[in-house]
Amino acid sequence: MADAARAARLADRIKVVVAQALERRVKDPRLGFVTITDARVTNDLQHATLYYTVFGTAEEQESTRAALESAKGVLRSEVGRNITARLTPTLTFVPDEIPVNASHLEEVLRAAREKDAEVAAQAAGASWAAGEDPYRKPAEEDDESSPDR
């Protein structure tokens, strides 16, 4: 078993090697604007998961996924040549969902800002139903009219 720090260093190295190999060695026309966003390696250094994003339509994203699957052997041999591990890890490509989730979150925040602006516009001309301070206060008594004296 390798330690987690070594697995993290190896993951960073694999990410760089695969990105460079995609740029220089893989000449598949189906490969679109792909970016390797993250890599994770198991602690036993046997399996590497590479997360990627693709700029384009759903059809282009699907063709890029197929191109990555077909180039997996070339990429794995390139990784094997450029790392210092006894065994070359298997590569798994997973589409990164962070940009999709981020755009959804931005959409939700935009809708919340619009709702806040509506509420602020309605509150601009409103007045308090029970005055500014709706809480009861004890009646203020004069010291001279106090029955204790």
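Rule-based calculations on the coordinates, nothing more; no lab input. Everything quoted here is computed from the prediction, not taken from an experiment. We place every Cβ from the backbone using ideal geometry, glycine too, and count neighbours over all the protein chains shown.
Brief remarks on what is shown
- Ordering of 28-39, 95-106 by packing [mean C-beta count within 10 Å, highest first]: 28-39, 95-106
- For D96, residues with placed amide H under 5 Å, excluding near neighbours: Y52, T53
- Relative contact order %, the chain, counting alpha carbon pairs below 8 Å whose residues are six or more apart: 21 percent
- Diffusion coefficient, µm² s⁻¹, Stokes-Einstein with Kirkwood Rh over alpha-carbon pairs of the chain at 20 °C and 1.002 mPa s: 105 µm²/s
- Residues whose placed amide H lies under 5 Å from that of D38, excluding near-sequence neighbours: Y51
- Spread of Cα-to-Cα distances over 10 Å intervals beginning at zero, given as percent, for region 53-129: 15, 23, 20, 15, 11, 9, 6, 2
- Equivalent ellipsoid, region 39-88 (semi-axes from 5 times Cα gyration tensor eigenvalues, Å): 26, 12, 8
- Region 8-93: C-alpha pair distances exceeding 19 Å, %: 32 percent
- Given charges at beta-carbon only (K, R positive; D, E negative), |dipole| of region 1-102 in Debye: 560 debye
- Our coupling estimate for region 87-93, obtained by passing each phi through the Karplus curve with A = 6.51, B = -1.76, C = 1.60 and θ = phi - 60°, is 10, 8, x, 6, 10, 10, 9 Hz, Gly and Pro reported as x.
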